[in-house]
Amino acid sequence: TVLKTTRVETGRLSSAKDDNGEGANLQNIPTRNKEAKQIKRGFVAAPGKIMLEGDLGQVEMRTQADLAHCKGLIDLFLRGDDPHTVTASKLFGVPYEEAKKDKYRYPCKRAGFGIIYLIGAKGLSSQINEYIADLEMDGEKVDIEPWDEPTCEKFINDYYSLYPEIRD
């Protein structure tokens with residue numbers, strides 16, 4: 001695939017076939033549910049070729065923290081901490097190990113990335129509730145309750161209170 005750095009409004013990378021018409025957009029293969037994971041296992045490199053999977057390590061959040069001079073986020077990245085778990089521990093008032101549970105960590109993850117792209121309460125509620133529906137559809141254990149818009153609005157404000165430089 002050919003990575004493109006200037007064609008996506010959000011600033012994320014996009015990918016496409018190369019000039020010879022070879023390659024494919026393998027950048028956004030779904031992975032959220034069991035079926036998507038099975039699809040992903042179906043990709044196999046051709047003989048003599050190598051297929052890589054990359055995770056940019058929360059690059060958007062790292063960039064945001066740097067640009068905003070957000071001391072709280074910068075410090076946790078420098079320590080090598082997981083920003084979603086640390087944030088969950090602080091916002092929900094639970095110990096770090098407890099904060100690793102989906103019901104605490106997942107909303108912080110969705111908010112952390114969503115806030116970069118100016119997610120609102122409606123969007124955050126939709127993302128959390130869609131995630132719950134996906135888990136239920138796959139018969140997986142669900143330890144997250146649905147979130148309504150007022151809950152999400154408060155949560156976003158609490159996030160900004162924890163990392164005020166981000167709002168600025």
Of the conditions (1) part of a helix (DSSP H, G or I); (2) modelled with pLDDT of 90 or more; (3) within 18 Å of Leu162 (Cβ to Cβ), the single one that Asp81 does not satisfy is (1)
Examine the stretch 62-69 for a residue that is part of a helix (DSSP H, G or I), out of contact with any strand residue (DSSP E or B) (no Cβ under 6 Å at 6 or more places or on another chain), under 30 Å from Gly42 (Cα atoms) and among the acidic types (Asp, Glu), and state whether such a residue exists.
no
Among residues of the stretch 84-108 being more than 14 Å from Tyr163 (Cβ to Cβ) and of a type in the set (Lys, Arg), the residue least open to solvent (accessible area, probe 1.4 Å) is Arg105
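Search the stretch 30-55 for residues being in a loop (DSSP other than H, G, I, E, B) and surrounded by 10 or more Cβ atoms within 10 Å (Cβ to Cβ), and hand back the single one that is farthest from the chain's Cα centre (by Cα).
First pass over the stretch 30-55, keeping only residues in a loop (DSSP other than H, G, I, E, B): 30-33, 42-55.
Applying the additional criterion that residues be surrounded by 10 or more Cβ atoms within 10 Å (Cβ to Cβ) yields 30-33, 43.
Values: Pro30: 13, Thr31: 12, Arg32: 11, Asn33: 15, Phe43: 23 Å.
Among those that are in a loop (DSSP other than H, G, I, E, B) and surrounded by 10 or more Cβ atoms within 10 Å (Cβ to Cβ), it is Phe43.
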Result of the Cβ filter at 8 Å on the stretch 62-80, keeping first residues that are more than 15 Å from Phe113 (Cβ to Cβ) and partners that are among the hydrophobic types (A, V, I, L, M, F, W, C) and surrounded by 13 or more Cβ atoms within 10 Å (Cβ to Cβ), at least 6 apart or interchain, is Asp66/Ile74; Gly72/Leu162; Ile74/Ala65; Leu76/Val86
Restricting attention to the stretch 56-76, the residues that are under 16 Å from the mean Cα position of the chain (by Cα) and surrounded by fewer than 19 Cβ atoms within 10 Å (Cβ to Cβ) number exactly 7
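The values are calculated or read from the model by the stated rules, or taken from the named source; none is laboratory data. The shown structure was predicted, so the numbers you read here are calculated from the model rather than taken from an experiment. Cβ coordinates were reconstructed from backbone atoms using ideal geometry, including for glycine residues, and neighbour counts include every protein chain displayed. Only protein heavy atoms, including side chains, enter the accessible area calculation; ligands, DNA and RNA are left aside. Shrake-Rupley method; radii C 1.70, N 1.55, O 1.52, S 1.80 Å.
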